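Peer 1: Take a look at this one; I'll ask things after.
Readers should treat all values here as calculations from the given coordinates under stated rules, not as data from a laboratory. All values reported here derive from a predicted model rather than from experimental measurement. Cβ placement follows ideal geometry from the backbone for every residue including glycine, while neighbour counts extend to all protein chains displayed.
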Amino acid sequence: MSALVVAGLRKTFGALRVTDGIDLAVPEGERRGIIGPNGAGKTTFFNIISGWLPPDAGRVEVFGRDITRLPPAHIAHLGVRRSFQKSALFDALSVEENLRLAVQATDPSRFDAWGRIGRHRRVLEAARSLAERVGLADELGRRAGELSYGRKRQLEIALALAEKPRILLLDEPAAGASPYERRLLADLLRDLPRDITIMLVEHDLDLVFNLCDRISVLVRGSVLMTGTPEEVGASGEVQAAYLGTAHA
Ligand SMILES: Nc1ncnc2c1ncn2[C@@H]1O[C@H](COP(=O)(O)OP(=O)(O)OP(=O)(O)O)[C@@H](O)[C@H]1O
């Protein structure tokens, strides 16, 4: 089954056609890279999928359900979670506190006054296990605002995971990360269970080519090609439109 199907998606800002008929289908469990030059419309595409921008035309389906024009909270509730290019952390709170808030927000028993003590322990354990999972177990007491760029991205992924996503949209998770942090990030994403479908917008082509099963190349608002990393890497058309200029 397809986790995500997008058909004929269009979006115009004034005279600028940013999304110009995007068609793609992402099977459940796939790691799909979305690459393309600056301004190709990648972030706009994510904004439309997650409900932050209404498209002018086209359709978005998640696990067979039409989600076009549903509000962002509703789409999130259906399991589509995104991490943002700009940090969405509570900088003054510790890593553990950020994680606890995210876990609490999704805890179905949060209104049950009788279970408070047990719940507190459950929330704490879930927060610590998320920190462990993304490699932040040693940073639990540190304020989020004091973390390095790369570690902030790790924390953002942990916050998205707290919400038990079925589809995870990652917008430039390696931005600002050191080479060491990029390796940690690659390991972390590779180890995520396959019941989470991942779409990764990223300028770090090594990360995309090493991690993704298939890659869609977005150029001027539409999909130039979708293929395995080998196919995309070998395509003269892609090199001409994107890779050649990106490496120039
Ligand atoms: N709200 C908006 N109003 C007007 N123009 C916009 C708006 N949002 C994006 N754009 C324009 O749409 C184009 C595509 O932007 P978008 O951020 O989607 O590209 P991108 O592929 O994510 O780029 P980058 O790789 O640099 O992040 C750009 O020219 C941008 O200036």
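Peer 1: Using label points projected 7 Å from each Cα along Cα→Cβ, tell me how many nm separate residue 231 and residue 93, to one decimal.
Peer 2: 4.3 nm
Peer 1: Turning to a different aspect of this structure: Which value at 222 nm does the chain reach when only helices count, each DSSP H run of 4 or more adding -39,500 (n - 2.57), with the total divided by all residues and rounded to the nearest 500 deg cm²/dmol?
Peer 2: -10000 deg cm²/dmol
Peer 1: Hey, which aspartates and glutamates would be in cross-link range of residue 11, C-alpha to C-alpha under 12 Å, not counting anything within fewer than 8 residues on its own chain?
Peer 2: 20, 56
Peer 1: Also, quick follow-up: Before anything else, pin down the relative contact order of the stretch 1-96: Cα pairs under 8 Å, at least 6 apart, normalised by residue count, whole percent.
Peer 2: 29 percent
Peer 1: Contact order normalised by length for the stretch 121-188, with contacts defined as Cα pairs under 8 Å and 6 or more residues apart; what percent is it?
Peer 2: Over the stretch 121-188, the number comes to 36 percent.
Peer 1: While we're on this one: Give me the dipole magnitude in Debye, nearest 20, for the chain about the Cα centre, with unit charges on the beta carbon: positive for Lys and Arg, negative for Asp and Glu.
Peer 2: Magnitude of the dipole: close to 680 debye.
Peer 1: Next up: What chymotrypsin sites (Phe, Trp or Tyr not before Pro) in the stretch 1-109 are in a loop by DSSP, with at most 10 other Cβ atoms within 10 Å of the Cβ?
Peer 2: none
Peer 1: Mean separation of Cα pairs under 8 Å and 6+ residues apart, divided by the residue count of the chain: what relative contact order is that in percent?
Peer 2: For the chain, the relative contact order is 27 percent.
Peer 1: Could you give the dipole magnitude of the stretch 116-188 about its Cα centre, charging the beta-carbon of Lys and Arg +1 and that of Asp and Glu -1, in debye to the nearest 20?
Peer 2: 420 debye
Peer 1: Of all the stretches in the chain, which is the longest one without any exposed loop site, taking trypsin sites (Lys or Arg not before Pro) in a DSSP loop (any state but H, G, I, E, B) with at most 11 other Cβ atoms within 10 Å?
Peer 2: Free of exposed loop sites, the longest segment is 87-193.
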